[in-house]
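Everything on this sheet refers to the single structure shown next.
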Amino acid sequence: MTDTDRILYTKPSITDREIAYADDAVRTGWGAKCYDYIHRFEKAFAEHLGVKYAYATSSATGALHLGMAALDIGPGDEVIMADTNWIATAAPVVHLGARPVFVDIRPDSWCLDPEKVEQAITPRTKAIAAVHIYGNLCEMDALNQIARRHGLAIIEDAAEALGSSYRGKRAGSMGSFGAFSFHGTKTFTTGEGGMFVTNDDAIYEKVLHLGNHGRKPGISAEFWADIVGYKFRISNIQAAIGLGQVERADELIARKREIFHHYHENLNGLPGIRMNPVRTDCESGYWLPIVAFDAMAGISREDLREAMREENIDARVVFWPLSSLPPFGSGPGAPNAVEFSAHGICLPSYHDMTTAQQDRVIRVLHELSMATGFRRSRPAKIAVNL
Ligand SMILES: Cc1ncc(COP(=O)(O)O)c(C=O)c1O
């Protein structure tokens with residue numbers, strides 16, 4: 001490895017454990033054993049999260065779609081979510097005939113602002129999608145209170161929040177249901193894959209029914225469906241890899257935290273720079289370390305991308321405000337979401353990243369920060385919990 005080799009954005013950590021399970025699934029996981037790894041993966045994940053039920057899916061998008069269908073979200077309904085987000089949370093809402101409603105984020109959490117959520121509620125609102133962006137935590141107590149007051153469901157999109165917790169409760173375990181992603185860029189991977197989780201017996205029963213093409217759980221009649229459902233199941237081979245990953249949960253999450261910590265020690269508080277804000281009563285799994293430049297520093301996302309590209313570093317931009325995308329009207333975007341998107345960048349983070357590689361990324365940001373002539377370090381509004 002030379003000092004100029006490409007630094008990837010993310011990649012998974014796969015050991016002999018995952019390879020042995022996948023090998024076993026390929027050799028023996030057929031016929032009567034064709035769901036064995038799926039069930040073991042679900043059980044291990046439910047235990048990791050501390051929830052009653054887990055149902056493994058082909059993606060987090062599939063888990064969200066199934067869960068929203070189980071909540072009967074459909075034509076005429078509205079689902080409130082943050083403007084800063086990946087389109088995957090909004091897509092199932094649209095496919096079900098409902099409408100995503102975007103509200104601004106809080107600058108001190110980068111997640112949806114509960115006050116804005118309450119202002120956006122209408123008689124059509126059916127649910128709030130709480131997305132723990134980049135592993136940061138939504139204000140779950142405030143959102144749950146709003147949901148209770150207005151009779152709404154909380155959808156917890158924890159696709160990016162493996163290892164994150166809010167006041168001792170794991171992200172994904174606090175809403176009507178939660179969804180996780182095991183895409184190859186995530187902290188645990190199955191290549192493509194996801195997990196639906198819930199503590200609610202009725203929602204789980206409905207997901208089992210809808211998720212098997214409308215065949216009721218336990219039905220004996222072959223090929224008999226009483227409703228039109230979906231098929232978003234993971235494969236047994238992918239689940240075998242996932243089982244190995246969940247069994248390494250503590251190690252995988254700890255390493256992501258360590259990587260963040262090294263960036264944070266060297267970057268946070270530099271003139272004009274701020275990193276992932278996490279309340280002291282929360283913990284982040286730090287899926288991705290983010291650097292947000294102060295708007296006054298005059299460093300744009302393009303400057304950041306260009307500086308990283310020149311050093312052969314694959315850093316990615318922060319999500320565009322969803323309301324600014326063509327399918328949602330190409331609007332101006334909510335103000336805080338616009339500022340975050342305009343001045344933020346996701347730094348590379350993966351388990352076997354070396355300190356020397358991190359230091360190359362840090363060097364680029366130091367140079368940018370010094371070049372701004374911006375000498376006021378923004379005082380931290382909230383403590384960062386490491
Ligand atoms: C916030 C969020 N929700 C949902 C998803 C969808 O995950 P998947 O690619 O597994 O469908 C992602 C993917 O990155 C995401 O970041």
- prompt: Going down the list K11/K231; K116/K169; K186/K231; K186/K256; K52/K169, which pairs span over 20 Å between their C-alpha atoms?
  reply: K11/K231; K116/K169; K186/K231
³J(HN,Hα), Karplus 6.51/-1.76/1.60, whole Hz, each residue of segment 211-227, x for Gly, Pro: x, 10, 6, x, 8, 5, x, x, 5, 8, 5, 5, 6, 9, 10, 9, 9
task: Taking amide H positions as placed in the peptide plane 1.01 Å from N, state which residues far from G194 in sequence (5 or more) or on other chains have amide H under 5 Å from it.
output: T57, S58, S59, F182
task: Per residue of segment 89-95, in order, report the coupling 6.51 cos²θ - 1.76 cosθ + 1.60 (Karplus, θ = phi - 60°) as ³J(HN,Hα) in whole Hz, putting x for Gly and Pro.
output: 6, 7, 4, x, 4, 5, 4
- prompt: Which ³J(HN,Hα) values in Hz, rounded to whole numbers, follow from the phi angles of segment 54-64 under the Karplus curve 6.51 cos²θ - 1.76 cosθ + 1.60, where θ = phi - 60° and Gly and Pro get x?
  reply: 9, 10, 7, 10, 6, 5, 5, 4, x, 5, 5
- line: Expected unfolding gain across A221-T280 under the 0.36 nm per residue rule, minus the alpha-carbon gap, is 15.9 nm
query: Can you give me the pair-distance distribution of the chain, C-alpha pairs, 10 Å bins, whole percents?
result: 5, 23, 32, 25, 12, 3, 0, 0
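A short reminder: the numbers here are calculations on the coordinates, not readings from a lab. None of these values were measured; they are calculated from a predicted model.
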